[in-house]
1. Given the conditions (1) free of Cβ contacts under 8 Å to residues at least 60 places away in the same chain; (2) touching a strand residue (DSSP E or B) at 6+ places or on another chain (Cβ under 9 Å); (3) under 19 Å from residue 51 (Cβ atoms), which single one is not true for residue 95?
2. Being surrounded by 14 or more Cβ atoms within 10 Å (Cβ to Cβ), modelled with pLDDT of 90 or more and touching a helix residue (DSSP H, G or I) at 6+ places or on another chain (Cβ under 9 Å): is that true of residue 102 here?
3. Hey, among the residues in region 75-92 that are crowded, with 19+ Cβ neighbours inside 10 Å and free of Cβ contacts under 8 Å to residues at least 60 places away in the same chain, which one's farthest from residue 117 (Cα to Cα)?
């Protein structure tokens, strides 16, 4: 009887070793199946243009803005951009580009906050702040901005919630007089 017990345990031990070996080879079988499936794929899923923490810097740095970007923020579908303003007209053009970028090029921006600052020695002075939401702009208005430059005192200015500081008013007046 003891011999029969050793045979039974030996067979079970051999089956266990084979099972462990086969289970260890399973990832290699899965990799070959995955490679075959990838080779068969004809259509790639459409890449959506979504702004994320990972793509924020790359996407914003590709914009051709006239003013220097001081700070960029992204939080809960709100894009925040601080600019160093040199010329009021160029700040408006940059605002138009940021609006087009936010509401046409990427699809998950719900609100844009733009601030323009001036350098006064070692401190920065706020010139203006603008806030706009996606719901403020129709497709026609966005197309109008993309075909024409966004200008100060245009009819599209009403879509911005704009706050101009006293320093900002002097800044705009100084450029208007020159």
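1. (1)
2. Values: surrounded by 14 or more Cβ atoms within 10 Å (Cβ to Cβ): yes; modelled with pLDDT of 90 or more: yes; touching a helix residue (DSSP H, G or I) at 6+ places or on another chain (Cβ under 9 Å): yes.
Answer is yes for this residue.
3. Within region 75-92, the subset crowded, with 19+ Cβ neighbours inside 10 Å is 79, 81-83, 85, 88, 91-92.
Next, only the ones that are free of Cβ contacts under 8 Å to residues at least 60 places away in the same chain stay: 79, 81-83, 91.
Numbers: 79: 17, 81: 11, 82: 7, 83: 6, 91: 10 Å.
This residue is 79.
The values are calculated or read from the model by the stated rules, or taken from the named source; none is laboratory data. On a predicted model such as this, the values are computed, not experimentally measured, just so you know. Please note: Cβ atoms are built from the backbone with ideal geometry, for glycine as well, and neighbour counts cover all protein chains shown.
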